[in-house]
Amino acid sequence: MKRYKKLGILLTVLVVICIATFALSQYEQAQEEIRSSDEVILEIPRDSVTALSWEYTEEGYLAFHKGESSWVYDEDEAFPVSEDKVMEILSHFEALQASFIIENVEDYNQYGLDDPECTLHISTEDTTYDIKLGDFSKMDEQRYVDIGDGNVYLLSEDPMDYVDPALSAMIEDDDTPAFENVVDISFTGTENYTIDRIEDSGYSYSDQDVYFVQENGAYLPLDTSAVTTYLNTITALDLLTYVTYNATDEELAAYGLDSPELSITVNYTYTDENAEDGQPIAGSCVIHIGQNQEELQAAQESEDDSVTEDSVTKYVRIGDSQIVYELDSVDYAILSDAAYSDLRHKEVFWGDFADVCQVDVTLEGTTHTLVSERNDEDERLWYYQEVTEEADALDLTAFQDALESLTADTFTDEAPAEKEEIRLTLYLDNENFPQVEIVLYRYDGTSCLAAVDGESVSLVSRSTVMDLVEAVQAIVLD
């Protein structure tokens, strides 16, 4: 009997609990109502904002205010604040729209708003808006937001995507231009010379050559693709990882930028679509590169083969900017290779073979001539020694490939001292350069010395020279 009595009491308690739970749920449902919405919950004009700050639970606090002429970082006025980034953040609050509204909220904790992940403060002259960012909803992964009006909102667009806990995200980075029309490129430091851009110069047998170095009164052509790669490297510099935004003289010295290892000045012109006269505008970009002096000295003095100058930290500075950035080692390698020999043509003959109209080949003391004529389709047909109606046109593919594969392993002005392997005289359809003479001499077991128009130029692969010899032998012995 007692057992049944206890069971009855337990059942009664259970019923009471269920009723209370149901009543509480009904009460909470009545207190907190959620409904869909496209309501704009905040309208803060960007131009009215005088201060902006945000604090993360763990990462810290950043605060900015509008100064007389620009935005200012509260903790250091020397920090270059990006106004574009400030305006981009504020633009999202000009018409902040909620996808759901939860009204009559009693328990903010269940939305992660008692201890929010991030709180933004946006101030105007009249009001400060405190915007708390809580958890994500489990159903649709939208952010819970409290703007202090007694409701909780769900936003499909997460405000935490706009603000970053890192100060570096707010810096007004330097930039480098896309060079529309280069005038010249000057180097000082480890290199000291100027590259001029000259269109239709007549200084080269290739009409693709537009960059030249002046030496002893002559203009020496550079490889356009090599110079373009160099300029594109400057344009695409990753100026995101700064090491200081207000470099002192001591820091510049430590980074090797007080007297830069290499300074590059690119003078160029560009057009402004909004300019009334449409005249080109002159521009100039200056960059300086250097290395960590302490690390560099340690690497130079180290007896450990694993410690090399390649591991030394590199830096770049744009003009007189107080910001110094860490420079990617690949970009450093490209920019520091700025000598004439780094940017000149590596090919022994870099012209268009279509401009060649005759070739004299001297091999083992005998000269052979390859001649050409154009057919009705303006195609150049090649023949051995002379053009006759009975002769079959030659296939010069192997010869052309071997000629175009003659590229410098190293440049040299060393005089030839060994046997001549093969001599070529290329006759061109070019009034400024009617012919080019190329002589290839034996040098050692792996290399031949290439001389062009009587001057030693480079060492090239001996195997490539032998390919050229074999291509000629195949023609003359056919």
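The values are calculated or read from the model by the stated rules, or taken from the named source; none is laboratory data. Computed from a predicted model, the values in this text were never measured in an experiment. FYI the Cβ positions are ideal-geometry reconstructions off the backbone, even for glycines, and counts take in every protein chain you see. These area figures cover heavy atoms from the full protein model, side chains too; ligands, DNA and RNA do not enter into them. Shrake-Rupley method; radii C 1.70, N 1.55, O 1.52, S 1.80 Å.
A few points about this structure:
- Accessible area ranking (1.4 Å probe, heavy atoms, ligands and nucleic acids excluded), largest first, for D401, D146, D175: D175, D401, D146.
- Computed on protein heavy atoms with a 1.4 Å probe, the accessible areas place E43, E420 in the order E43, E420, largest first.
- Rounded to the nearest 20, the size of the Cβ-charge dipole of the chain about its Cα centre is 2440 debye, with Lys and Arg at +1 and Asp and Glu at -1.
- Folded to 0 to 90 degrees: helix 224-235 orientation relative to the chain principal axis, Cα: 20 degrees
- Convex hull volume of the stretch 344-402 per residue (C-alpha atoms, cubic angstrom): 108 Å³
- Modelled spin-label separation between E77 and Q435, with each label point placed 7 Å from Cα along the Cα-to-Cβ direction: 7.5 nm.
- Solvent accessible area, Å² - T57, 1.4 Å probe, full protein context: 80 Å²
- The charge dipole of the stretch 156-215, taken about its Cα centre with unit charges on the Cβ atoms of Lys, Arg (+1), Asp and Glu (-1) only, comes to about 320 debye.
- Surface per residue (accessible, 1.4 Å probe) for the chain, Å²: 56 Å²
- Paired Rg and Dmax values of the stretch 96-176, which use every Cα atom, in angstrom: 14.7, 54
- Seen against the Cα atoms of the chain and their longest principal axis, helix 462-476 is set at about 50 degrees.
- Straight-distance candidates among the aspartates and glutamates for linking to K419, with alpha-carbon spacing under 15 Å and chain neighbours fewer than 8 residues away dropped: E364, D444.
- Accessible area of S91 in the full protein assembly, 1.4 Å probe (Å², nearest 10): 40 Å²
- Taking all protein chains together and a 1.4 Å probe, the residues C118, C357 rank C357, C118 from largest to smallest accessible area.
- In Å², nearest 10: area of I147 left accessible to a 1.4 Å probe: 40 Å²
- Within the accessible surface of the chain, defined with a 1.4 Å probe on protein heavy atoms only, the carbon and sulfur portion equals 45 percent.
- Helical content of the chain, expressed as a calculated mean residue ellipticity at 222 nm, amounts to -6500 deg cm²/dmol (DSSP H runs of 4 or more residues, -39,500 (n - 2.57) each, divided by residue number, nearest 500).
- Loop GluC sites (Glu not before Pro), the stretch 133-211 (other Cβ atoms within 10 Å of the site Cβ: 13 or fewer; DSSP): E141, E157, E180, E199
- Here is the P(r) of the stretch 223-333: all C-alpha pair distances, binned every 5 Å from 0, give 2, 11, 18, 19, 16, 13, 10, 6, 3, 2, 1, 1, 0 in whole percents.
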